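S.K.: Mind looking over this structure? Questions follow.
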Amino acid sequence: MKLTFWGAAKQVTGSMHMLTLDNGYKILVDCGMNYEQKREMNEDAFDFPFNPAELDLVILTHAHIDHSGNIPTLVNRGYKGQIICTEPTLELSKHLLFDSANIQLNEFKYLYNRAPKHRKAHVPRPIYLEREVGVAMDRVVTLPFNRKFKVQEDISIELIEAGHLLGAASVVVEYTLNGKTTRVGFSGDLGRDHAELIRTPTPMQNLDYLISETTYGGRKHTSSELAEQDLLKYIDEAIVKVRGKLIIPAFSVGRTQSIVHVLCKLAKKGLLPQVKVFVDSPLAIKSTHVYSKHPELLNNEAAAFLKQHGDLFDFEGLKWIDNLDRHEQVANYTDSCIIISAAGMVEGGRIQEHVKNNIQNPFSTILIAGFCAEGTLGHRLLSGQGVIGIKGKDYKVYSKIARTDVFSSHPDKDEIFRYIKLCSNPNLKRIFLVHGDEPNLIAMQDMLAQEGINHVEIPDMGDEFLIA
Ligand SMILES: [Zn+2]
């Protein structure tokens, strides 16, 4: 069989791996948007490096756009088959993809209306609209975790809990030819040990080949177990000491739920000061409902908390902000408060306004709680510049800019290393490291080599490997 890396190779986004079995059956694992190659935003330039009509099956590991974002286009360009994922992944993907279609349409309208007449035809069109998302989501078939599903007589797939995000799965493809069975495991994005709400990743067993994510292959994070103390430290500095504001940019799906749950735990312990906590994101509200709908996927600690308190995300002072009028009220709120809003990299969305309103206030703290890609406003804030341009206007930075990695949804180098070792067995022939930039991939390759694990490849975009 053949393994081809069409995305997230020597980079983080755009996950898309193809497994071609000896009988010609083609499986695509993930079909994500590639943020490191902006040309995809221009529909005319976008194309798949293969014919979507030739695929037999698509498996989606989890809902994040860098794994799911090109599925509507794949269907639109001729993919005829089914898409397999877990139920929470379907529910979260719907919210994320409809949101993405909306953002694209609004961006297009904004640029189109401002473009001079002769440039209007060149304004990049949305890659897909809501209608296409709907068509693609109708193709989804959901599977529970840990149940082998026969796709054909000699091919089966199984979804294994990957942590990372509610419903996130690793995928094992099992193929039998002439009595010989080969198992290929795709980790998908992994979660951390002791993450909030969801369980630690379950290692895949009896693999012949492993494709593993390596986002932080060279980095060490603060232990997830310190999330309460860590957040409390920033609350103490920003709220208790100076009665200021704590602004937390956070991804609406996953990160926001973790942060709100930690705040909820602090509140139930009587450790949260009496301030309003605003969650200003309609997408976060919808995603939180999905989390609440799936208590069976909670880790033991969260399940016990739910049993004791009846809710994971509810405490006095917490306000979910949906409509724009309420958003404006929050933007104009002058008292000390905590605001959690999206987008996580501060590149757009309601958080930009909160950052803009607070950046010149020495009593405000902007706490970056996630990865910020180069070129994003979040990245510029972290770079320590004294003046920051937001939407064409310059602002002097007087607020505190802080960063925490305690809420990272990806494992650090020790956690990845441990996971890979737990997936290893004497029959494991090769490991492929993906979903990381080169320094992180090489760091993990070196770490594994020091343990005598040498059959580790770092594939490049478009690389094809004959396996089994
Ligand atoms: Zn992810």
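The values are calculated or read from the model by the stated rules, or taken from the named source; none is laboratory data. As the structure is a prediction and not an experimental result, all values here were calculated from the model. So basically every Cβ, Gly included, is an ideal-geometry build from the backbone, and we count neighbours across all protein chains shown.
S.K.: What pairs can you find where one residue is in region 275-298 and farther than 11 Å from residue 167 by Cα, the other is of a type in the set (Asp, Glu) and surrounded by fewer than 20 Cβ atoms within 10 Å (Cβ to Cβ), and their Cβ atoms are less than 6 Å apart, with a gap of 6+ or different chains?
M.R.: Qualifying pairs under 6 Å: 282/322; 285/322.
S.K.: Here is a further query. Write out, first by first residue and then by second, each pair whose Cβ atoms fall under 6 Å of each other, whose residues are 6+ apart or on separate chains, and whose first residue, in region 252-273, is under 16 Å from residue 342 (Cβ atoms) while the second is of a type outside the set (A, V, I, L, M, F, W, C).
M.R.: That search, which allows pairs on different chains as well, returns 252/281; 252/287; 253/287; 254/409; 255/370; 257/288; 257/291; 258/196.
S.K.: Among residues belonging to region 175-207 that are among the small types (Gly, Ala, Ser) and buried (at least 20 other Cβ atoms within 10 Å of the Cβ), point out the one that is farthest from the ligand (Cβ to nearest atom).
M.R.: For region 175-207, the residue satisfying everything is 185.
S.K.: Identify all residues within region 71-114 that are within 16 Å of the ligand (Cβ to nearest atom) and at pLDDT below 95; write none if there are none.
M.R.: Selection gives 99, 100.
S.K.: A further question on this structure: Could you tell me which of the residues 192, 147 is of a type in the set (D, E, K, R) and out of contact with any helix residue (DSSP H, G or I) (no Cβ under 6 Å at 6 or more places or on another chain)?
M.R.: 147
S.K.: Tally the residues that are within 17 Å of residue 104 (Cβ to Cβ), within 11 Å of the ligand (Cβ to nearest atom) and of a type outside the set (Gly, Ala, Ser), restricting the search to region 55-70.
M.R.: Here the count works out to 3.
S.K.: Restricting the first residue to region 440-461 and requiring it to be within 17 Å of residue 17 (Cα to Cα), which pairs with a second residue that is at pLDDT below 95 meet a Cβ separation below 6 Å and a spacing of at least six or different chains?
M.R.: Filtered contacts from region 440-461: 459/9; 460/9; 460/10; 461/9.
S.K.: Among the listed residues 135, 151, 75, identify the single one that is more than 25 Å from the chain's Cα centre (by Cα) and either of a type outside the set (Gly, Ala, Ser) or not in a helix (DSSP H, G or I) (or both). Give the derivation first.
M.R.: Working: 135 fails: more than 25 Å from the chain's Cα centre (by Cα); 75 fails: more than 25 Å from the chain's Cα centre (by Cα).
Sole residue among the options that is more than 25 Å from the chain's Cα centre (by Cα) and either of a type outside the set (Gly, Ala, Ser) or not in a helix (DSSP H, G or I) (or both): 151.
S.K.: Out of region 75-89, which residues are surrounded by fewer than 21 Cβ atoms within 10 Å (Cβ to Cβ) and not polar (S, T, N, Q)?
M.R.: Within region 75-89, 77, 78, 80, 81, 87 meet the criteria.
S.K.: If a residue has to be within 16 Å of the ligand (Cβ to nearest atom) and either touching a Phe, Trp or Tyr at 6+ places or on another chain (Cβ under 6 Å) or more than 22 Å from residue 162 (Cα to Cα) (or both) to count, how many in region 378-430 make the cut?
M.R.: So in region 378-430, the residues within 16 Å of the ligand (Cβ to nearest atom) come out as 405, 407-412, 415-416, 419.
Now drop any that are not either touching a Phe, Trp or Tyr at 6+ places or on another chain (Cβ under 6 Å) or more than 22 Å from residue 162 (Cα to Cα) (or both), which leaves 410, 412.
Selection size over region 378-430: 2.
S.K.: Going by what's in this entry, would residue 167 be described as within 14 Å of the ligand (Cβ to nearest atom) and within 23 Å of residue 4 (Cβ to Cβ)?
M.R.: no
S.K.: With outside the structural domain of residue 10 (by TED's automatic domain parsing), touching a residue at least 24 places away in the same chain (Cβ under 8 Å) and within 25 Å of residue 290 (Cα to Cα) as the only criterion, which of 228, 196 stands out?
M.R.: 228
S.K.: Can you confirm whether region 208-221 contains a residue that is in a loop (DSSP other than H, G, I, E, B) and on the phi > 0 side of the Ramachandran plot?
M.R.: no
S.K.: Sticking with this one: Can you pull out every residue in region 329-349 that is at negative phi and buried (at least 22 other Cβ atoms within 10 Å of the Cβ)?
M.R.: Selection gives 338, 339, 340, 341, 342, 343, 344, 345.
S.K.: If you check 441, 433, 381, 448, which single one turns out to be crowded, with 18+ Cβ neighbours inside 10 Å and assigned by TED's automatic domain parsing to the domain that holds residue 336?
M.R.: 381
S.K.: Now a separate question. Wholly within region 231-325, which strands (runs of 3 or more DSSP E) include no fewer than the required count, namely at least 2 residues that are buried (at least 21 other Cβ atoms within 10 Å of the Cβ) and not assigned by TED's automatic domain parsing to the domain that holds residue 202?
M.R.: On the way: elements: 245-249, 276-280, 318-321.
Passing ranges, in order: 245-249, 276-280.
S.K.: Scan region 154-169 for residues that are in a strand (DSSP E or B), touching a strand residue (DSSP E or B) at 6+ places or on another chain (Cβ under 6 Å) and among the charged types (D, E, K, R) and report the count. Working first, answer last.
M.R.: Residues of region 154-169 in a strand (DSSP E or B): 155-161, 169.
Filter once more, so that each one left must be touching a strand residue (DSSP E or B) at 6+ places or on another chain (Cβ under 6 Å): 155-160, 169.
Checking the rest, the ones that are also among the charged types (D, E, K, R) come to 158.
Selection size over region 154-169: 1.
S.K.: For region 137-160, check the following and say yes or no: at least one residue is within 16 Å of the ligand (Cβ to nearest atom), closer than 28 Å to residue 100 by Cβ and either among the charged types (D, E, K, R) or at pLDDT 95 or above (or both). Talk me through it step by step, then tell me what you get.
M.R.: Going through region 137-160, the residues within 16 Å of the ligand (Cβ to nearest atom) turn out to be 159-160.
Then keep just the ones that are closer than 28 Å to residue 100 by Cβ; that gives 159-160.
With the extra rule that they be either among the charged types (D, E, K, R) or at pLDDT 95 or above (or both), the set shrinks to 159-160.
Yes, there is a match, as at least one residue in region 137-160 is within 16 Å of the ligand (Cβ to nearest atom), closer than 28 Å to residue 100 by Cβ and either among the charged types (D, E, K, R) or at pLDDT 95 or above (or both).
S.K.: For the structure I just gave you, tell me whether residue 186 is under 17 Å from residue 57 (Cα atoms) and under 19 Å from the mean Cα position of the chain (by Cα).
M.R.: So residue 186 fits the description; yes.
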